[in-house]
Amino acid sequence: MKLSKIIAGVSAVATSFGITVGAASAEKVLTVASWAAPFHTMNENVFPWMNSQLKSCTGGSVSLKVEYGMAPPPAMYDTVRDGVADISWIVYGYTPGKFVTPMIAELPSIPGNARQKSVAFQKTYEKFFESAGEAKGVQVLANYTHGPGMANTIKKITSYKELEGVKMRIGGGVANAIGTALGVAGVNAPAPKVYELIDGGVADGVFFPFETMHAFKIAELAKFSFHNPDGMYTTAFAIVMNNDTYNGLSGAERDCVDGMRGVNLARTVGWFWDDADKVGAAAAAGYGHELTEANDAERQYYKDATAGVTTDVLAKVSAKGVDAEAALAYFKEQVATESGQ
């Protein structure tokens, strides 16, 4: 299914709520606190698309305005929860201990692209995670992931064993545990700092998906990537809206937000991120990038090395009162279902 069809489908949902709220409604411009460069797909594609949908559905009474520099990436959840901004996108793993259930979406050895995993993540959230109540003071409009994570390095590797002791930037969440399992010397920092870390010799590589080759200019520095077809890891994200902002909208305006959110929004965001992976791959090719695919022996080694990561995550999720085994099985099932679309 093409992205244009997804967008058309979401537009149809919005239309079903009545696309005009009324010209007399006071205009509400919601502040979107964002990070990463303006040409990152969230800023260049996702938020403009959301703005267009809301303006159309509300007859222009609600629109979005992206603002940069309001807070560092790890503080975005608090920024929205506390009402400093109306909307933002968060990395669940940037706030250790605050969010546990989303780690299911980050587990190793689950193949799938951004669309497939984003839809599966949102459905699993609605069925298993939402009731855990981890997100407080915000409306979770959509959960999603990036595309396949890889090990990107300044020197070529052909085995996960060669990562032992290598200084690798790792972004938090399950990726941290995976790095530990592989024996890397983990360097933690938000994504916008990675170029600086590698350029300055603080890190010799990074766990990242292809989209970052363009979005964070990683192609200029890390000319080699090691990819696992079985799935190495992903990062769990969410688009969140302040509760007071949501409740302050008129009933018709909230209907417009509700018509856009959930699985429809997760799928659309996933499509944009998959497109961003293609842009990243093209950028990487321009720098003579070399992609190595893990062979069968390496794939088995990785599966064995990270098995304990999955066991540990399931125990932590279970402690939240969630049937973790059922949630993981459902997540995998939904990835497979979306893969067949």
Subject >> Candidates Gly133, Gly137, filtered to the one that is at pLDDT 95 or above and within 20 Å of the chain's Cα centre (by Cα) >> reply: Gly133
Original post:
Any residue in region 18-26 that is more than 19 Å from the chain's Cα centre (by Cα), of a type in the set (Gly, Ala, Ser) and either closer than 30 Å to Gln116 by Cβ or modelled with pLDDT of 95 or more (or both)?
Top reply: no
**OP:** Quick one: which residue in Glu293, Glu325, Glu253 is assigned by TED's automatic domain parsing to the domain that holds Gln139 and either more than 27 Å from Gly179 (Cβ to Cβ) or at pLDDT 95 or above (or both)?
**Re:** Glu253
Subject >> Meets criteria (at pLDDT 95 or above, of a type in the set (Phe, Trp, Tyr) and assigned to a helix (DSSP H, G or I)) for Phe39 >> reply: no
**OP:** From (1) outside any helix (DSSP H, G or I); (2) closer than 22 Å to Asn43 by Cβ, pick out the condition that doesn't hold for Val257.
**Re:** (1)
Original post:
Can you tell which of Arg299, Arg267 is among the basic types (Lys, Arg) and more than 19 Å from the chain's Cα centre (by Cα)?
Top reply: Arg299
Original post:
Right, Met70: under 21 Å from Thr145 (Cβ atoms) and either free of Cβ contacts under 8 Å to residues at least 24 places away in the same chain or aliphatic (A, V, I, L, M) (or both) or not?
Top reply: no
**OP:** For Ala189, work out the one condition from (1) without any contact (Cβ under 8 Å) to a residue 24 or more places away in the chain; (2) aliphatic (A, V, I, L, M); (3) under 28 Å from Asp296 (Cβ atoms) it doesn't fulfil.
**Re:** (3)
Subject >> Sole residue being without any contact (Cβ under 8 Å) to a residue 12 or more places away in the chain and within 19 Å of Thr234 (Cα to Cα), chosen from Ala307, Ala294 >> reply: Ala307
Subject >> Any chance Glu338 is charged (D, E, K, R), assigned to a helix (DSSP H, G or I) and touching a strand residue (DSSP E or B) at 6+ places or on another chain (Cβ under 7 Å) >> reply: no
Original post:
Which of the following residues is modelled with pLDDT of 95 or more, within 30 Å of Leu141 (Cβ to Cβ) and not assigned by TED's automatic domain parsing to the domain that holds Ala105: Phe272, Phe331?
Top reply: Phe331
Subject >> Whichever residue in region 67-100 is in contact with a Gly (Cβ under 9 Å, 6 or more places away or on another chain) and assigned to a loop (DSSP other than H, G, I, E, B) and, among such residues, is nearest to Ala327 (Cα to Cα) >> reply: Phe99
Original post:
Just for region 94-134: of the residues that are out of contact with any Pro (no Cβ under 6 Å at 6 or more places or on another chain) and hydroxyl-bearing (Ser, Thr, Tyr), which one is surrounded by the fewest Cβ atoms within 10 Å (Cβ to Cβ)?
Top reply: Ser131
**OP:** Go through region 163-180 and give me each residue that's among the aliphatic types (A, V, I, L, M) and either within 13 Å of Ala151 (Cβ to Cβ) or outside the structural domain of Phe224 (by TED's automatic domain parsing) (or both).
**Re:** Leu163, Val166, Met168, Ile170, Ala175, Ile178
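The values are calculated or read from the model by the stated rules, or taken from the named source; none is laboratory data. Small disclaimer: the values here were computed from a predicted structure and weren't measured. Cβ coordinates were reconstructed from backbone atoms using ideal geometry, including for glycine residues, and neighbour counts include every protein chain displayed.
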